[in-house]
Amino acid sequence: MMEHVQRIIGIAIGIIVSLILLVFMTSVTAQDAFVPLLIGGICAWAWPVVIGIWLVRRAKARREGQIEDEVERQLRQQGR
């Protein structure tokens, strides 16, 4: 639970720092930068979830492939 809070705080701080840098170093206003920063914050929060789902699916497919290979090997041994 604490990791999630730390991650959300880190994302919020990153958004605030990005907003400050955009406003003071470019001609962008805070209103113009709000939507891109919001989208960036959502993506920063969501990408570990997306990567996690992808890795779990990949591991499951690999495990199923290993099981199928083992079944085929055992069937070959029985059929000699």
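Values quoted throughout were computed directly from the atomic coordinates according to the rules given, and no laboratory measurement underlies them. Keep in mind the model is a prediction, meaning the values are calculated, not measured. As a convention, Cβ positions derive from the backbone with ideal geometry for all residues, glycine included, and neighbour counts pool all protein chains shown.
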key: Top-ranked residue of the stretch 23-80 - restricted to ones that are not small (Gly, Ala, Ser) and not in a helix (DSSP H, G or I), ranked as farthest from the chain's Cα centre (by Cα)   = 80
task = Hey, could you check the stretch 19-64 for residues that are over 24 Å from residue 8 (Cα atoms) and not charged (D, E, K, R) and say which is surrounded by the most Cβ atoms within 10 Å (Cβ to Cβ)?
result = 28
query = If you check every pair at least six apart or on different chains, which have Cβ atoms under 9 Å apart with a residue in the stretch 1-29 that is of a type in the set (Val, Ile, Thr) first and a residue that is not in a helix (DSSP H, G or I) second?
reply = 23/29
